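S.K.: Below are the structure tokens for one structure; questions will follow.
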2 protein chains.
Amino acid sequence: MTITTLAVDCMGGDSGPSVMVQAACEVLTGNPDLHLNLVGDEPSIRACLTRMDQLFLTRLSITHTDEIVVMDDLPSKVIRQKTNSSMALALQLVADGKAQAVVSSGNTGALMAFSRMILKMVPGISRPAIISSLPTDSGVTRMIDLGANVDCSPEQMVQFALMGAAITMANADNTDKLPSVALLNVGSESIKGNEQTKNTHELMQKVHNINYLGFIEGNDVFNGDVDVIVCDGFVGNVLIKASEGVVQMIVRRLKQHFSRNLLSRLLAALSTKVLKSFHKSVDPDRHNGASLVGLQGVVIKSHGAANLKATVAAIQEAVREANYDTPNELQRRLGQQISQTMDHE
Amino acid sequence: MTITTLAVDCMGGDSGPSVMVQAACEVLTGNPDLHLNLVGDEPSIRACLTRMDQLFLTRLSITHTDEIVVMDDLPSKVIRQKTNSSMALALQLVADGKAQAVVSSGNTGALMAFSRMILKMVPGISRPAIISSLPTDSGVTRMIDLGANVDCSPEQMVQFALMGAAITMANADNTDKLPSVALLNVGSESIKGNEQTKNTHELMQKVHNINYLGFIEGNDVFNGDVDVIVCDGFVGNVLIKASEGVVQMIVRRLKQHFSRNLLSRLLAALSTKVLKSFHKSVDPDRHNGASLVGLQGVVIKSHGAANLKATVAAIQEAVREANYDTPNELQRRLGQQISQTMDHE
């Protein structure tokens with residue numbers, strides 16, 4: 001197996017480098033062919049390394065910088081003013097071929113802007129999109145775009161379909177099967193939808209190489225009937241966040257109901273194992289790690305407030321995509337496709 | 001107390017008149033000042049009435065018609081061709097002052113089109129919108145629009161805010177408090193959002209009479225921090241359906257986990273009461289009954305596949321709004337407001 005190196009932006013999280021460093025070292029322990037390049041303030045990073053982590057010193061390097069992108073930095077300013085930030089340097093490691101993927105929990109807008117500038121887009125793709133997996137009854141579904149683009153053209157949305165298929169392939173056991181794609185809409189009949197959806201539906205049917213199934217409604221998103229759900233980034237962002245909000249509300253309610261009186265508390269104690277395995281199965285943390293896709297390099301965004309388990313999930317996604325080389329797969333799929341049927345930005 | 005009459009379109013549901021008739025009679029039993037006018041095929045309706053219901057004959061009339069709007073009828077055709085349908089006749093009863101609200105579980109597009117034609121809009125409102133309540137930690141939040149309008153102008157979205165406030169007042173105990181309104185967006189900073197959201201945000205701040213709090217993100221929808229959430233009908237429709245999808249998936253998972261082995265099945269049996277009260281607290285059925293608002297009459301849409309409990313919830317919403325006279329309250333609120341600050345269609 002070839003060696004994969006991850007460039008880890010350690011300075012993006014809400015609470016300094018500790019969670020990111022700890023999570024990265026945990027993934028390192030389980031992957032003998034993995035190397036890490038931890039980017040950020042060296043003394044702070046070193047302080048987070050345990051004695052155990054030191055054993056892996058041959059697979060672990062640190063790139064020091066004291067410049068940090070913060071959450072309220074404006075993307076347009078950051079790409080001119082913070083070119084020595086941990087985020088920029090981590091992306092540069094991928095651009096230079098010294099790493100195969102970046103993981104960051106920093107400012108999404110800045111990560112988008114720096115990624116476009118440093119890594120460049122895959123030819124035929126106009127802007128990066130954000131894709132992530134959702135839990136469903138039969139496994140996972142991926143949704144794209146989750147907020148990178150809030151006023152999307154039909155051409156962009158067809159690009160989302162191609163990108164979604166490539167990411168699905170990177171995560172699939174059976175890579176012969178062409179991933180299925182559906183377009184999020186308010187109904188399943190072709191007269192339904194806003195202008196954007198109608199025009200995208202028409203264009204989607206003309207593009208080869210996409211296993212396009214037509215429309216999908218909100219209530220079917222979590223059924224697991226399709227591999228990729230395409231939507232505008234505004235819609236995807238509110239939908240994914242609202243779904244997490246629903247899960248959190250329901251888990252809170254369940255706890256309330258199981259703590260109402262002595263008997264229900266006793267039942268909860270007896271049911272701990274069942275309730276824990278249930279929580280695990282709907283836990284949004286396990287689906288942390290969104291890909292910024294369409295770039296000439298793998299970029300994974302972890303939640304700013306992600307805990308250890310969630311951050312580990314994001315880093316594992318980075319390893320899978322680095323191993324599969326998603327950007328290359330996407331480029332292969334686009335091939336002549338895009339240049340023939342779609343207009344470029 | 002004054003007498004309220006509901007016009008009930010009995011022929012809209014997926015499974016004939018039985019659920020609607022049964023639910024209407026159940027609400028009748030509990031409301032001594034309520035009268036019902038059941039509209040549809042008289043023999044079929046009579047077949048659904050129990051001996052008990054017959055006792056209420058003085059408060060129960062039937063308007064016979066054998067014309068029915070079906071689910072795949074095109075709204076544009078239906079309003080020319082099915083003017084004697086149960087849906088049209090029920091709306092006509094309200095237009096003629098013979099009833100104070102309509103309940104229908106029929107084709108939403110047809111109900112919209114007929115409502116506009118027969119009841120007319122409240123002056124200053126360009127098109128009807130769909131509003132419904134969502135369960136939250138602290139009670140309910142209302143979301144508008146849930147799919148009546150899929151390409152909304154900022155002017156329409158400000159109208160949604162006014163309509164949402166009026167419906168909230170109809171359901172509130174304390175009618176002195178001005179309902180709070182937030183605009184659904186992908187972030188809370190004012191630079192975030194698509195063009196539609198940015199323009200609506202700007203306009204919303206200029207309108208008096210709205211207690212506008214600014215943006216709300218998807219993850220906060222179910223927190224119960226605001227009374228009314230305004231969004232484009234496309235976004236609202238996919239969000240509400242996806243949220244229901246999440247609830248259904250979670251309830252299925254919980255059942256699975258509690259039925260894995262003998263011990264967990266035993267625990268489930270012991271926990272029946274807790275699990276039932278939990279299910280009840282997150283059950284979407286209890287929030288069935290969306291209002292078509294902006295019309296000169298109360299129109300409540302129930303799900304086509306709603307069960308008895310859900311249909312009862314929809315009919316109760318109709319009674320509340322009829323008693324409060326939402327259209328009149330909306331008209332009062334609009335007053336000079338709309339004519340001064342907003343353009344009309």
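Taken together, the values in this text are just the output of simple stated rules run on the coordinates, not laboratory data. Here the structure is a predicted model, which is why all the values come from computation and not from measurement. Note that we place each Cβ from the backbone using ideal geometry, even for glycine, and neighbour counts take in every protein chain shown.
S.K.: In the neighborhood of B:LEU74, defined by Cβ-to-Cβ distances under 13 Å, what is the net charge if each Lys or Arg adds +1 and each Asp or Glu adds -1? Write out the running numbers ahead of the final one.
M.R.: Details: positive: A:LYS192, B:LYS77, B:ARG80, B:LYS82; negative: A:GLU189, B:ASP72, B:ASP73.
Once positives and negatives cancel, what remains is +1.
S.K.: Something else: What order do you get for A:THR65, B:THR326, B:THR29 when you list them from fewest to most C-beta neighbours inside 10 Å? Display every interim value, and only then the final one.
M.R.: Numbers: A:THR65 18, B:THR326 26, B:THR29 14.
Lowest count first: B:THR29, A:THR65, B:THR326.
S.K.: If you don't mind, another one. Between A:LEU57 and A:ALA305, what's the calculated FRET efficiency when r is the beta-carbon distance and R0 is 30 Å? Round to 0.05.
M.R.: Numbers: r = 30 Å, r/R0 = 1.00.
Using R0 = 30 Å, I get an efficiency of 0.50.
S.K.: What whole number of Å gives the distance from the Cα centroid of region B:28-84 to the Cα centroid of region A:28-99?
M.R.: Their Cα centres are 69 Å away from one another.
S.K.: Given Cβ point charges of +1 (Lys, Arg) and -1 (Asp, Glu) and nothing else, what value in debye, to the nearest 20, does the dipole of region B:231-337 about its Cα centre take?
M.R.: On the way: 15 positive and 8 negative charges, 152 e Å.
Charge dipole of region B:231-337: 740 debye, to the nearest 20.
S.K.: To continue, here is another question. What does the charge count around B:MET157 come to, taking other residues whose C-beta lies under 9 Å from its C-beta (Lys +1, Arg +1, Asp -1, Glu -1)? Display every interim value, and only then the final one.
M.R.: Details: positive: none; negative: B:ASP145, B:GLU155, B:ASP232.
Residues close to B:MET157 contribute a combined charge of -3.
S.K.: Report the local net charge at A:LYS241: Lys and Arg +1, Asp and Glu -1, summed over other residues whose C-beta lies under 13 Å from its C-beta. If you can, show how the numbers build up before the last one.
M.R.: Values: positive: B:LYS192; negative: A:GLU244, B:GLU217, B:ASP220.
So the environment of A:LYS241 carries a net charge of -2.
S.K.: Across peptide A:259-266, how many C-beta atoms of other chains are within 10 Å of each residue C-beta, on average? Walk me through the numbers before you get to the answer.
M.R.: Numbers: counts 1, 3, 1, 0, 4, 5, 0, 1.
That average works out to 2.
S.K.: Right, something else. Sorted from shortest, what are the nm distances separating the label point of A:ARG80 from equivalent points in the other copies, each placed 7 Å from Cα along Cα to C-beta?
M.R.: 5.9
S.K.: To one decimal in nm, how far is A:HIS208 from the same spot in the other copies, if labels go 7 Å from Cα toward Cβ? Please give the shortest first.
M.R.: 6.5
S.K.: Would you order B:ARG51, A:ARG286, B:ARG332 from fewest to most other beta-carbon atoms within 10 Å of each residue's own beta-carbon? It would help to have the intermediate numbers written out before the result.
M.R.: Details: B:ARG51 6, A:ARG286 16, B:ARG332 10.
In increasing order of surrounding Cβ atoms, one gets B:ARG51, B:ARG332, A:ARG286.
S.K.: Which stretch or stretches of region B:75-117 have amide N atoms under 20 Å from the point lying 7 Å from B:HIS64's Cα along the Cα→Cβ direction?
M.R.: Only B:83-93 fall inside the zone, counting backbone N under 20 Å.
S.K.: Another one. Counting alpha carbon pairs within less than 8 Å and at least 6 residues apart, what relative contact order, in whole percent, applies to chain B? Intermediate values should be presented prior to the final figure.
M.R.: Working: 677 pairs, mean separation 75.1, N = 345.
Once divided by the residue count of chain B, the mean separation gives 22 percent.
S.K.: Sticking with this one: Can you list the aspartates and glutamates whose alpha carbon is less than 16 Å from that of B:LYS301, not counting same-chain residues fewer than 8 positions off?
M.R.: Cross-link targets: B:ASP9, B:ASP14, B:ASP145, B:ASP285, B:GLU317, B:GLU321.
S.K.: Hey, got the dipole for region B:4-119? About the Cα centre, +1 on K and R Cβ, -1 on D and E Cβ, debye to the nearest 20? Present the calculation step by step, with values, prior to reporting the outcome.
M.R.: Values: 8 positive and 12 negative charges, 47 e Å.
Taking the Cα centre of region B:4-119 as origin, the dipole is about 220 debye.
S.K.: In deg cm²/dmol, rounded to 500, what helix-only [θ] at 222 nm does chain B give when every DSSP H run of at least 4 residues adds -39500 (n - 2.57) and the total is split over its residues?
M.R.: Details: 13 runs with 161 residues, N = 345.
One gets -14500 deg cm²/dmol as the mean residue ellipticity at 222 nm.
S.K.: Still on this structure, I have one more. Pick out which of A:VAL312, A:VAL246, A:VAL230 has the largest mean-square fluctuation in a Gaussian network model of chain A, springs linking Cα atoms closer than 10 Å.
M.R.: Between A:VAL312, A:VAL246, A:VAL230, it is A:VAL246 that shows the largest mean-square fluctuation.
S.K.: Give me the orientation-averaged projected area of the Cα convex hull of chain B, in nm², one decimal.
M.R.: Working: hull surface 77.4 nm².
Mean shadow area of the hull around the Cα atoms is 19.3 nm².
S.K.: Express in whole angstrom the spacing between the alpha-carbon centres of region B:298-338 and region B:249-269.
M.R.: 38
S.K.: Just to be sure I understand: with springs between alpha-carbon atoms less than 10 Å apart, which residue in B:GLN100, B:GLN159, B:GLN81 has the highest mean-square fluctuation in the Gaussian network model of chain B?
M.R.: With Cα springs under 10 Å in chain B, the top fluctuation among B:GLN100, B:GLN159, B:GLN81 is at B:GLN81.
S.K.: Put the label 7 Å from Cα along Cα→Cβ for A:LYS120; what are its distances to the other copies, in nanometres, shortest first?
M.R.: Reported distances to equivalent positions: 6.5 nm.
S.K.: State the answer as a single residue: which of B:GLN92, B:GLY124, B:VAL78 lies farthest towards the positive end of the charge dipole of region B:48-168, with beta carbon charges of +1 for Lys and Arg and -1 for Asp and Glu, about the Cα centre.
M.R.: Among B:GLN92, B:GLY124, B:VAL78, the one farthest towards the positive end of the dipole of region B:48-168 is B:GLN92.
S.K.: Quick check on my link table: of B:LYS82/B:LYS120; B:LYS77/B:LYS98; B:LYS241/B:LYS309; A:LYS309/B:LYS276; A:LYS241/B:LYS206, which ones sit more than 23 Å apart, alpha carbon to alpha carbon?
M.R.: Details: B:LYS82/B:LYS120 18 Å; B:LYS77/B:LYS98 27 Å; B:LYS241/B:LYS309 19 Å; A:LYS309/B:LYS276 32 Å; A:LYS241/B:LYS206 29 Å.
As for pairs spanning more than 23 Å Cα to Cα, those are B:LYS77/B:LYS98; A:LYS309/B:LYS276; A:LYS241/B:LYS206.
S.K.: From the alpha carbon gyration tensor of the protein assembly as shown, can you work out the equivalent ellipsoid semi-axes (sqrt of 5 times each eigenvalue) and give them in Å, largest to smallest?
M.R.: Values: eigenvalues 483, 159, 111 Å².
Semi-axis lengths for the protein assembly as shown are 49, 28, 24 Å.
S.K.: Still on this structure, please answer the following. Just want the answer: with Cβ charges of +1 for Lys and Arg and -1 for Asp and Glu, which residue in A:THR311, A:LEU270, A:SER291 is farthest toward the dipole's positive end in region A:244-314?
M.R.: Among A:THR311, A:LEU270, A:SER291, the one farthest towards the positive end of the dipole of region A:244-314 is A:LEU270.
S.K.: Most exposed first by the Cβ proxy, i.e. fewest other Cβ within 10 Å, how do A:VAL102, B:VAL78, B:VAL251 rank? Don't skip to the end; give the middle numbers.
M.R.: Numbers: A:VAL102 33, B:VAL78 22, B:VAL251 16.
Fewest to most other Cβ atoms nearby, the residues stand as B:VAL251, B:VAL78, A:VAL102.
S.K.: Treat every Asp and Glu Cβ in the protein assembly as shown as -1 and every Lys and Arg Cβ as +1, leave all other atoms uncharged, and give the resulting dipole magnitude about the Cα centre to the nearest 20 debye.
M.R.: Working: 60 positive and 70 negative charges, 368 e Å.
Charge dipole, the protein assembly as shown, about its Cα centre: 1760 debye, nearest 20.
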